[in-house]
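Here's the structure we're looking at; comments come further down.
The values are calculated or read from the model by the stated rules, or taken from the named source; none is laboratory data. On a predicted model such as this, the values are computed, not experimentally measured, just so you know. Reconstructed Cβ throughout: ideal geometry from the backbone, glycine too, with neighbour counts over all protein chains shown. Ligands, DNA and RNA are excluded from the accessible area calculation, which covers all protein heavy atoms including side chains. Shrake-Rupley method; radii C 1.70, N 1.55, O 1.52, S 1.80 Å.
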Amino acid sequence: MTNESFIVRTANLRGYHTSYPLNGDQITYPRRDGRPGFCRAKIKSRSNGTIVLDLDWDQPHGGRNLQTYRATEDGGLLIENKIILKENGRTGQEQTVTYYVSFRRG
């Protein structure tokens, strides 16, 4: 994090680096799953070692992800991803999935 932005880097095949303005301004970037369209993202809230990103994207397979980044007491990082799919491909219904990723320094 800098004084002006929260920076997220991924170490996967494509290696993304995204800066989210701390003032809550929305940014737009191409979808990371390779499908056509864009993702809109902004910092929804931040306080006491917690930052919540609000990301949403349109069809195909449109949805929303509320990503919560929390500093842990042992100096680690816990990321909660609450993904809401607008339309599940099998049922046609909205579906919510939540999963967690934990990082600790070695």
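Within region 92-106, restricting attention to residues that are in a strand (DSSP E or B) and open to solvent by 60 Å² or more (accessible area, probe 1.4 Å), which residue is farthest from Gln59 (Cα to Cα)? That would be Phe103.
For region 28-66, a tally of residues being of a type outside the set (A, V, I, L, M), free of Cβ contacts under 8 Å to residues at least 24 places away in the same chain and either outside any loop (DSSP other than H, G, I, E, B) or within 19 Å of Tyr100 (Cα to Cα) (or both) returns 17. Quick check on region 76-91. Is at least one of its residues among the acidic types (Asp, Glu), open to solvent by 70 Å² or more (accessible area, probe 1.4 Å) and without any contact (Cβ under 8 Å) to a residue 24 or more places away in the chain? Looking through region 76-91, none of the residues is among the acidic types (Asp, Glu), open to solvent by 70 Å² or more (accessible area, probe 1.4 Å) and without any contact (Cβ under 8 Å) to a residue 24 or more places away in the chain.
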